[in-house]
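In what follows, a structure is listed as structure tokens, so that the remarks can point back to it.
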Amino acid sequence: MCYLKRIVCFGLLIGCLFSPSVLAQPANNHLTIGGPFEFTTLNPSQNGYVFTRMQVVETLVDVSPEGELLAGLATHWDVSDDQLSWRFHLRDGVVFHDGRVMDAASVEQSLSHALQQHGPLAQAPVERLAVDGDALVIELSQPYQLLPAVLAHYSTVVISPDSFDDQGRITRLLGSGPFKIAVFAPPHKLGVERFEDYWGQVAAIASAEYLTGHRGESRVLQARSGQADIIYTVDPASTGMLNRVSHVQVQSDLIPRAILIKLDSGHAFLKEVEARQALSLALDRSGIARAVLRAPGSEANQLIPAPLADWHLADLPPIERDLQQAAALLDDLGWEMGRDGVRVRDNQRFSLNLITYADRPELTVVATAIQAQLAELGVEVRVSVTNSSAIPAGHQDGSLEMALIARNYGFIADPLGVMLSDFGSPQGGDWGAMQWNNTDVAELLKRLEGEMDADTYHATAQRIAALLADELPLIPVTFYTQLTAVNQRVENFRFDPFERSYYLNEMELSQ
Amino acid sequence: MIQRILINRLLQAVMVAWGVGSLSFVLMRSLPGDMAYRVAAGRYGQDNVSAEAAEWVRQELALDLPAWQAYLHWLLDMLRLDLGVSLISGAPVIDEIKHQLGHSIELAVMAILLAALMAFPLGILSGLRARGWLDRSLLLLSSLLRAQPVFVIGLMLILAFAVYWPLFPVAGFGQGNDWVLPAFSLALALAAVSSRVVRDSTLAVIHSPYYQFARVKGLSEWQTFRQHGLRNLSVPVVAFMGIQLVGLIEGIVMIESLFSWPGIGHGLAHAIFSRDVPMIQGTALMMGLLFVALNTLVDLACYKIDPRGRPE
């Protein structure tokens, strides 16, 4: 009898544990999002993008999907004639999640914190911050027209003074966005709830949750099973599986990111522009776009993609693979084909190291495709996969020969910020040119820093883009297409190419 | 006797804590590459890692400090039972370990229980009817399961029980029964081996002279098995499962990644990528201690099961 009781109890316990979960299906007004990136801290300078995307925090300046700067927590801004003093007029009626009203002092505290952290604001020529009535004044040491774009960056979010402890560390993230944090379980889960006192469009969705999914396979299956409503960064190989189910739509959007080959233009093999052109001509971009990235049409003929119109040359023809021309260029430079299929000049084999990093899984596959394609030209490439920090480290110590990188030109809403750090000095940039002896681009970029006229800005940016396309200090490979799986119960979904916001407050869930 | 086991294990724990912490410090410091760059990449991500970020990190964390000074700091902190703060998140290491190790232990314990539930009955039945159809079928199934990476088993279970029959969530944690699929994936891989250990142990016991004698003196098959079989076959199995449990806690990175489970294996892998030395030392130390604790539990369990080691 005693045994029988035990067995029955045990059976009941197992039954309870294994009962099908109602939570396997999304709750009615709760949105579930999945993506590949992790977060570890509340500090905006490190993981601010997670909190702007989930609309917990906001910046003074907003960005439209077209890259235009819009009013955010500042309704408008003006600059003094000498361009050294910027005044940001703050929006009325903004309330933080702890109920405090936003004022200029709280904005000053948030930006002061950002100034003491690594990020674009700390790199800007900011002299001091000052409160002037309802406005925040930023004094600069030199003209810097990028300032509003920098104030749209996730590291410059405005948070309540109660977010900081006595030592100025952020212990809670009390923002002003349409959602407030309910669950913070790094590195995997962030839960948010609707904030009823939001100054703008109050969300229809009651709550949302972001779950990190490291494996592309499980993210796709989350979308397919209906466990997740939206999955960002869908693996291209899995789109076929999602296209076969009716309740999920896969959306494809071009983002301002490009796969590029960074190279040492001072290297004995690469210092002639013809050598770099030969490598570029030997690449089969269509093959990579079609077979590796499964995004036909994403071939890159220049560094900056079309959404950043000022910096994109609309009329530049695509770079078609031309092995004959590439070989002729190398022949002219004295590179002769060796017996082992690798070209030789002055007893030196045309052999280079190419590093890339595993943070973006597609990079390693593209790197090996490039290795195979350049081998046909007689150029040996040794691929090694490492950490993303090896790129700036290799640039600084001069050990980098070639690197396959994914560069985000929308990191700051105005690409000038990234261009300055990549090409703004004769030494080049950690993620940009390396030992490239061209002072024209650096001078033009310097001029743009203080340029307020839109037409002149556009013309100069186009000139820079043309110089980069001719000289190839970096070789463009493909642009990025972001694939997103959206469940049909999600209405009003839209994608932000700058990946600043998920626009959760505009979405509705059909029952 | 129990006291002696406990005192030995306590001394062992202290040595393990010091040894593992020191070894991970030395190993991390001897890796090639600039630590500041690695930490900067871990903190700021690939879009924002630069020489400037690395310099920022170097200044803030005083990474230029000679290695012996950094080691002494760690040793003093450890004597105060303080594991320090993570170089990446800035949070106390102990909090991160609690969160991650807690989830790992939860998953590992569930997996080992499920594995035991499968392995014991199936292993015993196979042992009692060795070379019968059940034994042969289970050998085939065990070999098949063991030949699969646990990742593939997990994916199969997701396809069956989360996509085709949507009974459980594909991934996630903290929502009730989302541990079932990851625990089952691990349990199947474990039971594939432990069921064979149970089977062999059963076979050895039922062919032993004392077992035969019990039958000869008139006990029924069930009585013999309950009184002379179960306890004897358990000793090697408990020791084996103890080792499996330790392996589970430290080696389930793939399952954690597949199921978005915030475990220590995944946390440790990321800490190593970004050279988060305090986190690596703290995690290695806690896992070392856990190893000692589990070994102690296994010793105590075997002591309880097997009276032969006890004093007269």
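The values are calculated or read from the model by the stated rules, or taken from the named source; none is laboratory data. Predicted model, so just to flag it, every value in this text is computed and none were measured. Here the Cβ is made from the backbone with ideal geometry for all residues, glycine too, and neighbour counts use every protein chain on show. The area values use the complete protein model at the heavy-atom level, side chains included, leaving out ligands, DNA and RNA. Shrake-Rupley method; radii C 1.70, N 1.55, O 1.52, S 1.80 Å.
Looking only at the stretch A:404-424, count every residue that is more than 12 Å from every other protein chain (Cβ to nearest Cβ) and not charged (D, E, K, R) and tell me the total.
Let us first name the residues in the stretch A:404-424 that are more than 12 Å from every other protein chain (Cβ to nearest Cβ), namely A:404, A:413-416, A:419-420, A:423-424.
Cutting the leftovers down to not charged (D, E, K, R) gives us A:404, A:413, A:415-416, A:419-420, A:423-424.
So the answer is 8.
Filter the stretch B:243-272 down to the residues that are in contact with a Phe, Trp or Tyr (Cβ under 9 Å, 6 or more places away or on another chain), of a type in the set (Val, Ile, Thr) and modelled with pLDDT under 85 and list them by number.
If the condition is that a residue be in contact with a Phe, Trp or Tyr (Cβ under 9 Å, 6 or more places away or on another chain), of a type in the set (Val, Ile, Thr) and modelled with pLDDT under 85, then B:Val246, B:Ile249, B:Ile252 are the ones that fit.
Quick one: count up the residues across the stretch A:453-501 that are crowded, with 20+ Cβ neighbours inside 10 Å and charged (D, E, K, R).
2
Checking B:Pro182 against (1) within 14 Å of chain A (Cβ to nearest Cβ); (2) under 30 Å from B:Val57 (Cα atoms), which test does it fail?
(2)
How many residues are open to solvent by 20 Å² or more (accessible area, probe 1.4 Å) and within 12 Å of chain B (Cβ to nearest Cβ) if we restrict to the stretch A:357-384?
3
Given (1) open to solvent by less than 70 Å² (accessible area, probe 1.4 Å); (2) not in a loop (DSSP other than H, G, I, E, B), identify the lone condition not met by B:Gly33.
B:Gly33 satisfies all of (1) open to solvent by less than 70 Å² (accessible area, probe 1.4 Å); (2) not in a loop (DSSP other than H, G, I, E, B) except (2).
From B:Arg275, B:Arg215, which residue is modelled with pLDDT of 85 or more, surrounded by 20 or more Cβ atoms within 10 Å (Cβ to Cβ) and farther than 30 Å from B:Asn177 by Cβ?
On the way: B:Arg215 fails: surrounded by 20 or more Cβ atoms within 10 Å (Cβ to Cβ).
Testing whether each residue is modelled with pLDDT of 85 or more, surrounded by 20 or more Cβ atoms within 10 Å (Cβ to Cβ) and farther than 30 Å from B:Asn177 by Cβ leaves just B:Arg275.
Starting from the stretch B:204-216, keep only residues that are farther than 13 Å from B:Arg231 by Cβ, then list their pairs with residues that are of a type in the set (Ser, Thr, Tyr) whose Cβ atoms are within a distance under 6 Å, requiring at least 6 positions of separation or different chains.
B:Arg215/B:Thr224
Identify the residue in the stretch B:153-173 that is small (Gly, Ala, Ser) and facing chain A (nearest Cβ under 7 Å) and, among all such residues, is surrounded by the fewest Cβ atoms within 10 Å (Cβ to Cβ). Break it down stepwise before answering.
Pass one, the stretch B:153-173, residues small (Gly, Ala, Ser): B:154, B:160, B:162, B:171-172.
Narrowing further to those that are facing chain A (nearest Cβ under 7 Å): B:162, B:171-172.
Details: B:Ala162: 27, B:Ala171: 29, B:Gly172: 25.
My answer is B:Gly172.
Does the stretch A:202-219 hold any residues that are assigned to a helix (DSSP H, G or I) and either farther than 20 Å from B:Met254 by Cα or more than 9 Å from chain B (Cβ to nearest Cβ) (or both), and which are they?
A:Gly216
List the residue pairs whose Cβ atoms are under 7 Å apart, where the first residue sits in the stretch B:85-106 and is surrounded by 16 or more Cβ atoms within 10 Å (Cβ to Cβ), the second is assigned to a helix (DSSP H, G or I) and among the hydroxyl-bearing types (Ser, Thr, Tyr), and the two are 6 or more positions apart or on different chains.
B:Ile97/B:Thr283
What are the residues in the stretch A:207-241 that are more than 25 Å from B:Pro262 (Cβ to Cβ) and either at pLDDT 90 or above or of a type in the set (S, T, N, Q) (or both), if any? So that I can check it myself, show each step before the final result.
Let us first name the residues in the stretch A:207-241 that are more than 25 Å from B:Pro262 (Cβ to Cβ), namely A:236-237, A:239-241.
Across the stretch A:207-241, the qualifying residue is only A:Thr239.
I need the helices (runs of 4 or more DSSP H) fully contained in the stretch B:252-309, keeping only those with at least 1 residues that are of a type in the set (D, E, K, R) and more than 10 Å from every other protein chain (Cβ to nearest Cβ).
Details: elements: B:253-258, B:264-273, B:277-305.
The helices (runs of 4 or more DSSP H) meeting that bar are B:277-305.
Search the stretch B:297-312 for residues that are surrounded by 14 or more Cβ atoms within 10 Å (Cβ to Cβ) and pair each with any residue that is polar (S, T, N, Q) and modelled with pLDDT of 85 or more when their beta-carbon atoms are under 8 Å apart and the residues are at least 6 apart or on different chains.
B:Ile305/B:Ser234
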